[in-house]
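Scroll down for the structure; my scribbles are underneath it.
Taken together, the values in this text are just the output of simple stated rules run on the coordinates, not laboratory data. What you are looking at is a predicted structure, and each value in this text was computed from that prediction instead of being measured. We place every Cβ from the backbone using ideal geometry, glycine too, and count neighbours over all the protein chains shown.
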Amino acid sequence: MRLEGDIVTPQGVITGHLDIVDGRIAAMAGSRVDAAQAGAGGRPILLPGFIDTHVHGGGGRDTMEGGDAIEEIARRHARHGTTALLATTMTAPLADIEAALRALAPVCRERGAQSARVLGVHLEGPYISPGRLGAQPAHAIPATLAEVQRLNAIVPIKVLTLAPELPGHLALIGPLRDAGIRVQIGHSNGSYDDGVAALQAGAAGFTHLFNAMSGLHHREPGMVGAALAHAQHAELIPDLLHVHPGAMRAALRCIPGLFCVTDSTAAAGMPDGDYRLGEHLVRKCMGGVRLPDGTLAGSALTMDQALRNLVQQLKLPLTDAVRRVSTAAADYLGMTDRGRLAEGAWADVLVMDAGLRLRRVFVEGEEIDVVVDA
């Protein structure tokens with residue numbers, strides 16, 4: 001199969017074509033063009049598929065449901081251009097977490113038709129601060145290495161969020177890193193010094209930067225200060241509700257490998273109404289998802305809208321915005337054959353128009369049924 005248009009590559013934008021053979025990009029050719037002119041004259045824009053490392057739900061389903069929920073979630077997000085994701089759990093009793101992981105395991109092994117690739121799990125809790133739950137249920141507990149190893153044996157844990165200030169947690173970061181788990185600092189009341197110590201111990205990044213962590217003050221820099229001063233990687237939710245655009249710009253300037261996530265809930269891709277988020281009932285209204293007390297509880301964001309927000313609201317160049325929604329997350333996860341359009345990479349390809357509206361989606365060469373905007 002051959003796709004033609006303005007192709008966003010890691011080296012810039014070319015006008016030309018790419019060929020898909022056996023699920024991978026077999027060849028690419030074209031001539032360099034100014035990235036600011038991508039899509040001019042009605043030419044399609046070809047981008048790498050989005051990679052979302054923080055997905056709680058979508059299409060009315062929640063990862064903690066178990067059963068076939070993750071299959072519907074992966075299908076729904078694929079229709080919005082996410083070609084690979086991490087299924088993300090909620091803080092819950094361990095028995096509930098184990099049940100959810102067992103339901104996720106077969107989908108992590110084999111991609112379903114019309115679905116995004118589920119790369120593994122982001123374990124967000126229960127190893128977080130009881131004082132920074134955010135929208136997480138109140139089941140926070142301290143972590144033990146043996147317990148994480150048991151969970152990791154059920155399904156690959158690619159990312160684990162913990163509060164490093166809790167007793168014993170700092171000593172766990174190195175062994176978890178050595179086991180191939182990326183430890184992210186999040187849902188933490190820790191100090192700046194706690195954050196720096198965690199990074200020095202091997203923590204890889206920060207979970208939804210600015211949200212559910214101690215904030216920046218000029219005499220108490222907090223976890224946010226540690227991230228802005230020292231982090232190489234961090235998640236950011238660009239729904240324009242979780243983080244002010246000014247704070248987003250500060251993070252984009254400070255953190256080289258900053259990448260965007262949705263932190264999406266069952267409400268993603270759905271109309272306003274009530275949905276489940278773990279054991280919580282949440283309501284989608286006016287573009288946000290909240291607990292009854294008004295606390296933001298994940299989002300209804302999809303990654304195609306995240307890209308549009310970066311380009312149209314924050315005025316990022318298209319090439320940088322694509323890096324933040326695709327390539328940076330792939331690099332963070334150590335994947336060289338996803339998150340970029342290059343020969344030999346998986347054919348995770350998006351076709352968009354000049355307004356960055358999705359027209360076609362390919363996951364590993366399979367075309368996904370997309371509802372095309374008018």
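Some values worked out for this structure:
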{"read-out": "Sparse-neighbourhood loop sites, GluC sites (Glu not before Pro) in segment 292-374 - DSSP loop, at most 13 other Cβ within 10 angstrom", "value": "Glu343"}
{"read-out": "Average projection area in nm² (convex hull over Cα atoms of segment 50-336, one quarter of hull surface)", "value": "13.3"}
{"read-out": "Most positive-pole-ward Cα, Ala227, Ile51, Pro164, against dipole of segment 50-336 from beta carbon charges", "value": "Ile51"}
{"read-out": "Segment 158-211-segment 64-96 distance, computed between alpha-carbon centres (Å)", "value": "23"}
{"read-out": "From phi via Karplus (6.51, -1.76, 1.60), per-residue ³J(HN,Hα) for segment 175-186 in Hz, x at Gly/Pro", "value": "x, 5, 4, 5, 7, x, 9, 7, 8, 10, 7, x"}
{"read-out": "Alpha-carbon spread of segment 46-135, three principal axes, descending order, Å", "value": "44, 25, 22"}
{"read-out": "GNM flexibility winner over the chain from Asp62, Asp348, Asp194 (Cα, springs under 10 Å)", "value": "Asp194"}
{"read-out": "Given charges at Cβ of Lys, Arg, Asp, Glu: the chain dipole, positive-most of Tyr127, Leu199, Ser188", "value": "Leu199"}
{"read-out": "Sequence-distant residues sharing a close amide H with Phe206 (under 5 Å, placed H)", "value": "Ile185, Ala234, Glu235"}
{"read-out": "Karplus-derived HN-Hα couplings along segment 59-64 (A = 6.51, B = -1.76, C = 1.60, θ = phi - 60°), whole Hz, x at Gly and Pro", "value": "x, x, 10, 10, 4, 6"}
{"read-out": "Low-density loop positions, GluC sites (Glu not before Pro), segment 107-172 - DSSP coil, at most 14 other Cβ in 10 Å", "value": "Glu110"}
{"read-out": "Debye, to nearest 20: dipole size of the chain, +1 on Lys, Arg Cβ, -1 on Asp, Glu Cβ", "value": "580"}
{"read-out": "Segment 226-343 - convex hull of the alpha-carbon atoms, volume per residue in Å³", "value": "131"}
{"read-out": "Around Pro126: net Lys/Arg minus Asp/Glu count, Cβ-Cβ under 11 Å", "value": "-3"}
{"read-out": "Two-decimal Rg/Rh across segment 129-197, once Rg and the Kirkwood Rh are taken from alpha-carbon atoms", "value": "0.95"}
{"read-out": "Estimated [θ] at 222 nm from DSSP helical runs (n ≥ 4, -39500 (n - 2.57)) normalised by residues in the chain, nearest 500", "value": "-7000 deg cm²/dmol"}
